[in-house]
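Enquirer: Before anything else, here's the structure in question.
The values are calculated or read from the model by the stated rules, or taken from the named source; none is laboratory data. Every value quoted in this text rests on a predicted model; they were computed, and no experiment measured them. Every residue, glycine as well, gets a Cβ built from its backbone with ideal geometry; the counts of neighbours run over all protein chains shown. The protein model used for the area step is the full one, side chains on, heavy atoms only, and it has no ligands, DNA or RNA in it. Shrake-Rupley method; radii C 1.70, N 1.55, O 1.52, S 1.80 Å.
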Amino acid sequence: MTGRDDPDQPRPADANALWGGRFEAGPSAVMEAINASVDIDKRLAGEDIAGSMAHAEMLAHCGVISSEDAASILKGLKQVRSEIGEGTFAWSRALEDVHMNVESRLKEIIGAPAGRLHTGRSRNDQVATDFRLWLRTACDRIDGALAAYQSALVEQAERHADTVMPGFTHLQTAQPVSLGHHLLCYAEAAERDRGRFADARRRMNESPLGAAALAGTAFPIDREMTARALGFDRPMANSLDAVSARDFALEALAAASIAAVNLSRFAEEIVIWTSRRFAFARLSDAWSTGSSIMPQKRNPDAAELVRAKPGRIAGSLHGLLMVVKGLPLAYSKDLQEDKAPVFQAIDDLELALAAMAGMAADLTFDTANLEAAAGEAYSDATDLADWLVRELGMPFRDAHHVAGSAVKAAEAKGLPLSQLPLGDYQTIEPRIDDRLYSVLSARASMESRTSYGGTAPVRVKEQVARWRKRLEGQV
């Protein structure tokens, strides 16, 4: 290859107007390819234009540019915004990024005044501002999606406050619980996820704009004005920090990773519950797929795909951690690699949340099968021990031993505890009487757990009411 098509050959000096005055030759094709970010960061176009409009208004207010130039800039930026929204905007990789694409088009529209827009700022503070604006909005969307997911869980929990199911530890039947109680556990986890995103949003809501390249600017700008115009709480106090910090993105990715893991745990239970071996629940055709070879199959593919999302989302977090690890102050080109993992992770999480909200609302439960399973594997043994403590005043460790002996006797006869003859109980502990049988059922076990945060339906219904109040007006 030779000439313009050869990646090892320099480009003409006018190939990049950004620094054509400093360089005699333009970048090679490979340099241009590795340096360009517009294919990714054009998602920031709306935020970039909003930041530029706030900056132009501030420059005019402070007398740095004329009000006529500011008016021309604002009008031109609105046209650029319309072109992007309508899909008629021509993006150029030669212009590297979203900022220069917008500025170049602005110059085509309004001419010389466009060149005044960049007064008192740099692409370094510009992109940091755009990124915070975009991620702030993403946090708000995720909060709404988490609230919708919680609402679906609360609806099911209210419907199934009295439905008994087996509670598990080590995936072994442990004690009977309310299905509604089980589902509200995921609503609680989602609330903590919302808290993490709210915390991240609060800390990222400071404006880098006006920090310029790294040291601030000599122009008499008003950073408080641009911060207010863009909805930030305040301008960032240190110009070096303003352009170099990416911990706000890391914090959002950490929150996204934890949220994805919480979703994945429920997704895994959906996979288990809808299997033929468990048959606790069913997903409709809207959330199931078939097999290309086995016509009988109903696969919970959506749940399985949500279960896989934490790998991608946590991968984005670790990828960005490695990008920013050890970077000296202030700005380095490495930071161009910050947006792709964030965009990917947020996209993945929003899709997973939509899927989980849909599946949570769609699930139908086999309540008879759930109750039958809840009574298996001697899940009422703890209730036997508790009865011995309550009624006979037995120390719990002694009661635990008696209950274990009763389970052993019942297993030997192939009977549940509720059908083990009284004489067998009295052989183990003579003081036992027939009142014991009143606690030996899955439903009685569930209904007895009335402590705050417990699984008794009366407690579950109280929690449902609390959740309804919490979510009112949010979904």
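Enquirer: Show me the helices (runs of 4 or more DSSP H) entirely contained within the stretch 20-115 in which 2 or more residues are closer than 25 Å to R132 by Cβ.
Expert: Values: elements: 29-35, 38-41, 45-61, 67-86, 98-110.
Those helices (runs of 4 or more DSSP H) span 38-41, 45-61, 67-86, 98-110.
Enquirer: Considering each residue of the stretch 450-467, count those that are acidic (D, E) and either surrounded by 16 or more Cβ atoms within 10 Å (Cβ to Cβ) or in contact with a strand residue (DSSP E or B) (Cβ under 8 Å, 6 or more places away or on another chain) (or both), and give that number. If you could, list the steps in order and put the result at the bottom.
Expert: Here is the first cut: in the stretch 450-467, the ones acidic (D, E) are 462.
Now drop any that are not either surrounded by 16 or more Cβ atoms within 10 Å (Cβ to Cβ) or in contact with a strand residue (DSSP E or B) (Cβ under 8 Å, 6 or more places away or on another chain) (or both), which leaves none.
Qualifying residue count for the region: 0.
Enquirer: Another question, then. Considering A190, A213, which residue is assigned to a helix (DSSP H, G or I) and on the phi < 0 side of the Ramachandran plot?
Expert: Numbers: A213 fails: assigned to a helix (DSSP H, G or I).
When all the criteria are applied, what remains is A190.
Enquirer: Which residue is nearest to V323 (Cα to Cα), if the candidates are limited to the stretch 224-253 and must be part of a helix (DSSP H, G or I), open to solvent by 10 Å² or more (accessible area, probe 1.4 Å) and small (G, A, S)?
Expert: First, pick out the residues of the stretch 224-253 that are part of a helix (DSSP H, G or I): 224-229, 239-244, 247-253.
Subsequent filtering for residues that are open to solvent by 10 Å² or more (accessible area, probe 1.4 Å) retains 224-225, 228-229, 239-241, 244, 247, 250-251.
Right, trim to small (G, A, S) and you get 229, 239, 244.
Details: A229: 31, S239: 21, S244: 12 Å.
Taking the candidates together, the pick is S244.
Enquirer: Which pairs turn up if I take residues in the stretch 394-417 that are open to solvent by 80 Å² or more (accessible area, probe 1.4 Å) and look for partners that are assigned to a helix (DSSP H, G or I) with beta carbon separation below 7 Å, at least 6 apart in sequence or on another chain?
Expert: These pairs meet every condition: F396/A385; F396/V389; H400/A385.
Rundown of residues vs (1) under 33 Å from the mean Cα position of the chain (by Cα); (2) among the charged types (D, E, K, R), yes/no style:
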residue: E32; (1), (2): no, yes
residue: D39; (1), (2): yes, yes
residue: G76; (1), (2): no, no
residue: Q79; (1), (2): no, no
residue: D97; (1), (2): yes, yes
residue: K107; (1), (2): no, yes
residue: A128; (1), (2): yes, no
residue: C139; (1), (2): yes, no
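Enquirer: Here's another thing I want to ask about it. Against the condition out of contact with any Cys (no Cβ under 9 Å at 6 or more places or on another chain), surrounded by 16 or more Cβ atoms within 10 Å (Cβ to Cβ) and modelled with pLDDT of 95 or more, how does E447 come out, does it pass?
Expert: Values: out of contact with any Cys (no Cβ under 9 Å at 6 or more places or on another chain): yes; surrounded by 16 or more Cβ atoms within 10 Å (Cβ to Cβ): yes; modelled with pLDDT of 95 or more: yes.
Yes: the conditions hold for E447.
Enquirer: Right, here's the next one. Take A157 and tell me if it is among the hydrophobic types (A, V, I, L, M, F, W, C) and either over 26 Å from E47 (Cβ atoms) or modelled with pLDDT under 95 (or both).
Expert: Details: among the hydrophobic types (A, V, I, L, M, F, W, C): yes; either over 26 Å from E47 (Cβ atoms) or modelled with pLDDT under 95 (or both): yes.
The answer is yes for A157.
Enquirer: Pairs under 6 Å by beta carbon, first residue at pLDDT 95 or above in the stretch 453-468, partner polar (S, T, N, Q), six or more apart or different chains?
Expert: T455/S178; A456/T450; P457/S178; V460/S178
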